[in-house]
1. For A:Ser77, are the conditions met, namely being within 14 Å of another protein chain (Cβ to nearest Cβ), farther than 15 Å from A:Ala4 by Cβ, out of contact with any Ser or Thr (no Cβ under 6 Å at 6 or more places or on another chain) and among the small types (Gly, Ala, Ser)?
2. Among the listed residues B:Ala289, B:Ala320, B:Ala324, identify the single one that is at the interface with chain A (Cβ under 9 Å from one of its Cβ atoms) and within 25 Å of the chain's Cα centre (by Cα).
3. What residue, among those in segment B:117-131 that are among the hydrophobic types (A, V, I, L, M, F, W, C) and more than 7 Å from chain A (Cβ to nearest Cβ), is nearest to A:Pro221 (Cα to Cα)?
4. Is segment A:169-176 home to any residue that is assigned to a helix (DSSP H, G or I) and in contact (Cβ under 8 Å) with a residue 12 or more places away in the chain?
5. Please determine whether any residue of segment A:47-58 is over 17 Å from A:Pro11 (Cβ atoms), assigned to a strand (DSSP E or B) and touching a helix residue (DSSP H, G or I) at 6+ places or on another chain (Cβ under 7 Å).
6. Would you check which residues across segment B:201-212 are within 14 Å of chain A (Cβ to nearest Cβ), buried (at least 17 other Cβ atoms within 10 Å of the Cβ) and farther than 17 Å from B:Ala316 by Cβ and list them?
7. Has segment B:156-167 got at least one residue that is modelled with pLDDT of 95 or more, within 30 Å of B:Ser123 (Cβ to Cβ), in a strand (DSSP E or B) and within 14 Å of chain A (Cβ to nearest Cβ)?
Amino acid sequence: MKIAVCIKRVPDMDVRFQIAADGASVDENGLKFDINDFDSWAVEAALQIKDKDPATEVVVISLGPDVVQETIRKALSMGADRGVQLKTDKIPFDSIAIATALAAELRDGGYDLILFGKQSADSSNGVVGAATGELLGMPVVTAISKLELNGATGTAKRDIEGGQEFVDFPLPAVLTVDQGLNAARYPSLKGIMAAKKKPLESKPAQLGATSVTVSSMALPPERAAGRIIGEGVAAVPELVRLLQTEAKVL
Amino acid sequence: MANILAFAEARNGELRKIAFEAVTAARSLADKTGGAVHAVLVGAPGIAARASQLAQYGADVVVVVEHPAFERYNPEATAAFTAERITSGGYRAAIFPTSALGSDLAPRIAAKLGVGLVTDVTSIESHGDALVVKHPVNIGKVVATVKMTATPALIAVRANTFTPAENPKSGTVEQAQPVGDPSAARVVVKEVKLGGGAKLDLGEAPVIVSGGRGLKAPENFKLVEELADAFGNAAVGATRAVTDDGWRPHTDQIGQTGRLVSPQLYVAVGISGAIQHLAGMRTSKTIVAINKDKEAPIFKVADYGIVGDALEIVPALTQAVKAAKARG
C-alpha cells in the first residue's frame, strides 16, 4: 500500500489571540504550533495500516512556509516514511487554491489511500480534503470515525446528526478523519532520532486561483462576565426564576 | 437577475430544520440582490411533496430530483446534479447547510466548479460585486470577514444561526433528471443507524444539558438525561474527557473537535470549562453552570452559576423545572 497523509501546522488554541497589524490575520508572536488534531489522527490511521503491513509506504505532505518542515518531522517521528513540503510563504484562505496544489502533487503519486483531517483548527473550513479528492476524480468519504479495509474496497462509519452512516467505497480513495477513529501515538525517542534522517523534499506549491480572501479579522464580542447566583440546592429556586423572567427560556 | 440557489437537506423523506435555515438565508440574500430563490430538493420518489414547505420559507422555485438511489444520501450523484444545476442556472450564489451532509457535499461542488467555498458562515452581505461573509476561525476565538469575488459564491451556513422565517412564495415545482446514473455511484451509504427516535439532535435542540467529569461516574449521566427530559426540548451533550473515557459516545462531544452548538439554553453540569469545551458552546444564548469548584473557568462564561455538588443540585433542578413547566 502507498498512503499519503496531508497535514497542517496550526497554532495551539489554548491562548488569547491578538489580531496582527495587517488587521486580517492573527498575530503569531508567542504562539506555539503543532500538527492539527484531526491530521494527527489521519497520520495514526496510516501508521496502523503500516503496523499490519510493514511494506506500506506513508508519505506526509504539508503546504506552507519552511516552518511546516517541523510538523512534517513530527509525523516522521511517529513513523511515517518520508515528507514533502509544498512551499508557499503564506497559506491562502481559499481552500480550492490549496486543494489544487495538493492535487497536483498527489495526481501521479500512485497512492491507494489519501488521508486528511476533516478540518483545521485555525481556518476551520473543512473543505480541502474532499475538494482535493474531487479534483483527483477519486472516491471521497469524509469525517470517518471507523475504517475497515478489505483489499480493493473499504467501509467507513460517518457520524451524522443523531446517528451514523456506513459507507462502502472502492480503493484508491480519499478519506477525511473525524475524532473517534483512533488516538494518535506519541513519537518515541527512537522515532525522533530516526526522523532526522528520513527524506524531506521541498518543492514550490502550485496554488490554484483564489476567489476567497480574508479582508479582516476581529475578536468576537466578549460574553458578559459570569455571575454566580448562589450555592447548593438552595440556589435552585432563584435559578428557575431567572430562567423564566430574565432569560425567558423556561 | 441574481438568483440564489439553496440546497434543502432532507433525511428519510423529511426536510431538516437546516433546510429552512438555508432557504431563509438565500431569501434574505436574494431580496438584497433582487433575484429569486431556487431550492434544490433531492430524494427518493415522493420527496416532491415537501416542496410546499420550502415555498413557505421563501422558495420561488423548487427544483426536485427524485430517484430510488436518493433514498439515503448519495454524495457523488447529489454533487453531480447540484453542480450542474448551479452552472446551468447561472446563480449568483449557492447556500448549503454546514451539517454532516452539507460539509461533505459542498466541497465536492466547489472543486467541480473551481470556485471558493466558505463554511460555518454566520452572516452574508452583498457589497458591490462581492459577497462578504463572516466565518469563525481559531475555534471561534476570532471572527474572519471574508470577501468572495467569484460567481457563483458557495456558502455553507452555520446551523441555528439563520432563524427560519416564513415568507410564502409560489414554490413552483420543477421536476429535473439526475445527472448520470445515481445507482452507479462509487461511494454508497449502505446503512444509516439513527439513535432513539425521540431524542433531539445537538445541532437543533433549543436546550442542551451537558455533563462532565464532575458527575463522577457514567451511571450519574441519568441525572443529566432526567433534567433534559424535564425541559422536554433538550438534547444531552458531554465533554471530551467523558467521551474519551467511554462514558458517552463520541457523537455527544461538544467542543473544538466535537460538535459546535449554540442553543437558547446550555446547562453545563460538572464541567470545569476547558478551552476545548468552551470552543463548542460559548455562543449559546444563555449558559447555566453547576460545578463544585467556584474558580472553574465555566463560571466566567456562565450567565447563572451555582456552586455545589451536581449530584444534589441537578435532581432538585429537575423537580423545579418540572414544577415550572406544570404551572405553564
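1. Values: within 14 Å of another protein chain (Cβ to nearest Cβ): no; farther than 15 Å from A:Ala4 by Cβ: yes; out of contact with any Ser or Thr (no Cβ under 6 Å at 6 or more places or on another chain): yes; among the small types (Gly, Ala, Ser): yes.
No.
2. Working: B:Ala320 fails: within 25 Å of the chain's Cα centre (by Cα); B:Ala324 fails: within 25 Å of the chain's Cα centre (by Cα).
Just one listed residue meets the conditions, B:Ala289.
3. In the first step, residues of segment B:117-131 are kept if they are among the hydrophobic types (A, V, I, L, M, F, W, C); the result is B:117-118, B:121, B:124, B:130-131.
Then drop every residue that is not more than 7 Å from chain A (Cβ to nearest Cβ), which leaves B:121, B:124, B:130-131.
Details: B:Val121: 17, B:Ile124: 18, B:Ala130: 25, B:Leu131: 23 Å.
Looking at residues that are among the hydrophobic types (A, V, I, L, M, F, W, C) and more than 7 Å from chain A (Cβ to nearest Cβ), I get B:Val121.
4. Within segment A:169-176, the subset assigned to a helix (DSSP H, G or I) is none.
For segment A:169-176, residues assigned to a helix (DSSP H, G or I) and in contact (Cβ under 8 Å) with a residue 12 or more places away in the chain: absent.
5. Taking segment A:47-58 and keeping what is over 17 Å from A:Pro11 (Cβ atoms), we get A:47-58.
From what's left, assigned to a strand (DSSP E or B): A:57-58.
Checking which are touching a helix residue (DSSP H, G or I) at 6+ places or on another chain (Cβ under 7 Å) leaves us with A:58.
Yes, some residue in segment A:47-58 is over 17 Å from A:Pro11 (Cβ atoms), assigned to a strand (DSSP E or B) and touching a helix residue (DSSP H, G or I) at 6+ places or on another chain (Cβ under 7 Å).
6. So the first thing to find is which residues in segment B:201-212 are within 14 Å of chain A (Cβ to nearest Cβ), and the list is B:201-209.
Filter once more, keeping what is buried (at least 17 other Cβ atoms within 10 Å of the Cβ): B:201-205, B:207-209.
Matches in segment B:201-212: B:Asp201, B:Leu202, B:Gly203, B:Glu204, B:Ala205, B:Val207, B:Ile208.
7. yes
For (1) at pLDDT 95 or above; (2) more than 16 Å from the chain's Cα centre (by Cα), each residue gets a yes or a no:
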residue	(1), (2)
B:Ala184	yes, yes
B:Glu191	yes, yes
B:Lys199	no, no
B:Val207	yes, no
B:Arg213	yes, yes
B:Pro218	yes, yes
B:Ala228	yes, yes
B:Gly232	no, yes
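The values are calculated or read from the model by the stated rules, or taken from the named source; none is laboratory data. In this text, all values refer to a predicted model and were calculated from it rather than measured experimentally. Quick reminder, even Gly has a Cβ in these numbers, built from the backbone with ideal geometry, and neighbours come from all protein chains shown.
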